[in-house]
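Read the structure below first, then the notes.
Where a number appears in this text, it was derived from the coordinates with a stated rule and is not lab data. None of the values given here were measured: they were computed from a predicted structure. Every residue, glycine among them, receives a Cβ derived from its backbone with ideal geometry; neighbour counts consider all protein chains shown.
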Amino acid sequence: MADPISIRRAIQDGATDITVVMTHNPDFRLKPVLRWLGKLAYPEFSMVARVWTARQNVNYNAALYLMKQPPPGIRIQVFRPLRPLPVGSFTVAPKQIATALNSGHNEALQQMETLRGSRGAVRYPVSPAVGGERAAACTFSISAYFIRAMGKTNFVPHLFSPLTIRSVTLRNRIGVSPMCQYSATDGVANEWHYVHLGARAVGGAGLVIVEATAVAPEGRITPGCLGLWSDHQVEPLARIAKFLKEHGAVAGIQIAHAGRKASADLPWRGGAHLSVAQGGWPTLAPSAIPFGGDLPKVPRAMTKADILRVQDNFVAAARRALAAGFQWLELHAAHGYLFNEFLSPLANHRTDKYGGSFENRTRLLLDTTRAVRQVWPDHLPLAVRISAIDWMPGGWQIRDSIALAKRLKARGVDLMDCSSGGLVLDAKIEVKPGYQVPFAGEIRQGVNIATAAVGFITDAKQADEIIRGGQADVVLLGRQFLADAYWPAHAAKTLGQKITPPKQYLRAW
Ligand code: FNR
Ligand code: 536
């Protein structure tokens, strides 16, 4: 009999994936357990459903139940049964699965006995190759002793635990934070991007997120920013995505519109706004309020047509990101760029349905997210980076971020990437190690959504503690990754973790 208390303990201990194996009448035991699991809504918990029973009719019922009422916060990954299954350190051959299917639960029990002997058996993300597309039906089963075994195992995820979101598995919790390289021409990626990003996949990152990539030419921060507003920008990014994946990283990309902070010079040339004569362009924003300082350009307040066009730009860029082979898409709604300008009352003084109330200020981001989710496949994760606070009285506050994250989650967002600031010049930011981590913690706790922590994370133990402490599901490192492409490999050494070097480097690591 499945024991919800053991499951709860396993989840509370940090289980990320649980294979539930059903060996008896599932309808009798499954529904209450599922209903109960649904109440838990742990964002880090994704359930891998596996077929282990001969009773197809019962399986089908269970599948229908799942499809109709997927428990909130629980992602169910389904695959066709008759393929080899990687289970911990084992591969279960199709023949064994077929035997289990055809002979009832005895075989399955034997298999579970084997699994029970393996610590790895309690958490094993399924690779997309095995996950495949959504199967027509899924089943799962519950083995009492397996569940009990889970309860006894220490499941606390750490920096080097894999993480599965939808059908994508990160080999560890370390990501390269998106970072502009200001090195593109006409938004097209080149050798710099290939080598820079590729090196960080080779260095062991679980996730590599390509820099803010503009959805329209006027949405670039600088003339050197990447873009995805045209089909000819896809191929060089596709080469990069392919390389990242070949070297074990999840290939991510951030799509962005810089709003009133667009049309700036490259940072190593001062970073100030460029006039049209200097190669800049007119900027757009919710209201005609300049950022100030070196970015004094007064943006044009967007019309309804501009707003709808930007939404379409994001959708088109998302399609191109998919065509380029990216597996992780992030919408940039932080750092004072366009979405952030709509969100914050400090930059949005509109009086139409895109300004004023919280509902109105969040409308553009929420509508765009919904539209993007329609073209971004169900099996791939969608993240949103926000500035969790403006660091300014009267500005965007953490309670706003929590309310926004709830709405984004309802529109299919899987992870909130929690940064802060960048909206106004005179913000007082208290920068210190891990200074934004509490935002990731509060949003994770308050919304039951996966989060990424970013900002001044430099040390392996610090990063590991963020994950172990349940403040975030992923840590993103920015500048530290610019200093050390091999940070994950070095962190693994510090933490006594084994990681597999690229075969070319086997003699050194
Ligand atoms: C950034 N950052 C950034 N953020 C973002 O969302 N999109 C981007 O394209 C960039 N570009 C960028 C370029 C450079 C050179 C730096 C240093 C930073 C912010 C970055 O992702 C990260 O959030 C911050 O740097 C804080 O993290 P670290 O650097 O303290 O680890
Ligand atoms: C850091 N930056 C962020 C950029 C590019 C410039 C540097 C971006 O998001 N594209 C930053 C962090 C926090 C707030 C503002 C800026």
Just need the relative contact order of the range 343-437 here, percent rounded to a whole number, with Cα pairs under 8 Å and 6+ apart.
28
Flagged as over-length at 28 Å C-alpha distance, from Lys353/Lys432; Lys242/Lys498; Lys353/Lys406; Lys297/Lys353; Lys304/Lys406, the pairs are Lys353/Lys432
Hey, for a label at Glu246 modelled as a point 7 Å past Cα toward Cβ, could you say which residues of the range 197-217 have their backbone N under 15 Å away?
197-203
Of the listed peptides 422-429, 238-245, what is their order by residue-averaged count of other C-beta atoms within 10 Å, with the highest listed first?
238-245, 422-429
Calculate the dipole size of the range 280-398 relative to its Cα centre from +1 charges on Lys and Arg beta carbons and -1 charges on Asp and Glu beta carbons; express the result in debye to the nearest 20.
260
Can you give the relative contact order of the range 208-263 as a percent, counting alpha carbon pairs under 8 Å and 6+ residues apart?
54
Hey, can you grab everything whose amide H is under 5 Å from the amide H of Val188? Only 5+ residues off in sequence or another chain; H modelled, so Pro and N-termini drop out.
Gly227
Nearest-0.05 FRET efficiency for Val195 and Ile499, computed from C-beta distance (R0 22 Å):
0.55
When only Cα pairs under 8 Å and 6 or more residues apart are kept, what is the percent relative contact order across the range 154-203?
21
Within 10 Å, count the other beta carbons around each residue, average over each peptide in 431-442, 376-387, and list them highest first.
376-387, 431-442
Lys and Arg at +1, Asp and Glu at -1: add these up for the other residues within a Cβ distance under 12 Å of Asn340 and post the number.
+1
What order, most packed first, do the peptides 349-359, 196-206 have when packing is the mean number of other Cβ atoms within 10 Å of each residue?
196-206, 349-359
With +1 assigned to the C-beta of every Lys and Arg and -1 to the C-beta of every Asp and Glu, and no other charges, what is the dipole magnitude of the range 214-336 about the Cα centre in debye, to the nearest 20?
80
Using a 7 Å offset from Cα along Cα-Cβ at His349, what residues in the range 233-274 end up with backbone N under 17 Å from the label point?
260-261
